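Contents: one structure, followed by commentary.
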Amino acid sequence: MDLSKMSNDKKLDLCRHYFKAGFALLPFVWAVNAVWFFNEAFKRDQYDEQPQIKRYVIYSAIGSILWSIIIAIWIIVFQVYRVSWGAIGDNLSFIIPFGTP
């Protein structure tokens, strides 16, 4: 989709929909929203809907970064402590490695 062919109202509506979709635990949608609308929010000449788009882009970027940090922390904790969690760690694992740690 080419954003230059859309009206400013439709751009705002699309940006808002992507932002709301990110609340369904989809941080990738927030990342796409932040990247896709970055030029509209910060590099284009001023228009009426731009402050709202800018707000959605900033919040989408912050949300995506926070979720990425949370997911990275969970992966590190899980990889380090999975064996010591015993049966709970095994139940959380999709693939249980063979051998001793």
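Residues satisfying the criterion are absent from the stretch 77-87 (criterion: part of a loop (DSSP other than H, G, I, E, B), under 27 Å from ASP9 (Cβ atoms) and free of Cβ contacts under 8 Å to residues at least 12 places away in the same chain). Evaluated against (1) at pLDDT 95 or above; (2) farther than 28 Å from SER93 by Cβ, ILE69 falls short on exactly one condition, (2).
Within the stretch 42-57, at least one residue is of a type in the set (Ser, Thr, Tyr) and within 19 Å of the chain's Cα centre (by Cα). Between SER60, SER68, the distinction of being in contact (Cβ under 8 Å) with a residue 24 or more places away in the chain, of a type in the set (Ser, Thr, Tyr) and touching a Phe, Trp or Tyr at 6+ places or on another chain (Cβ under 6 Å) belongs to SER60 only. Of the residues making up the stretch 1-36, those that are within 19 Å of ILE69 (Cα to Cα) and out of contact with any helix residue (DSSP H, G or I) (no Cβ under 6 Å at 6 or more places or on another chain) are PHE23, ALA24, LEU25, LEU26, PHE28, VAL32, VAL35. Of the residues making up the stretch 1-41, just one is hydroxyl-bearing (Ser, Thr, Tyr), part of a helix (DSSP H, G or I) and surrounded by fewer than 18 Cβ atoms within 10 Å (Cβ to Cβ), namely SER4. Quick check on TYR59: is it part of a helix (DSSP H, G or I), hydroxyl-bearing (Ser, Thr, Tyr) and in contact with a helix residue (DSSP H, G or I) (Cβ under 6 Å, 6 or more places away or on another chain)? Criteria not met by TYR59. Scanning the stretch 7-24 for residues that are within 15 Å of ALA61 (Cα to Cα) and hydrophobic (A, V, I, L, M, F, W, C) turns up CYS15, PHE19, ALA21, PHE23.
The values are calculated or read from the model by the stated rules, or taken from the named source; none is laboratory data. These numbers come from a predicted model, not from an experiment. Because the Cβ atoms are built from the backbone with ideal geometry, glycine has one as well, and the counts that use them run over all protein chains shown.
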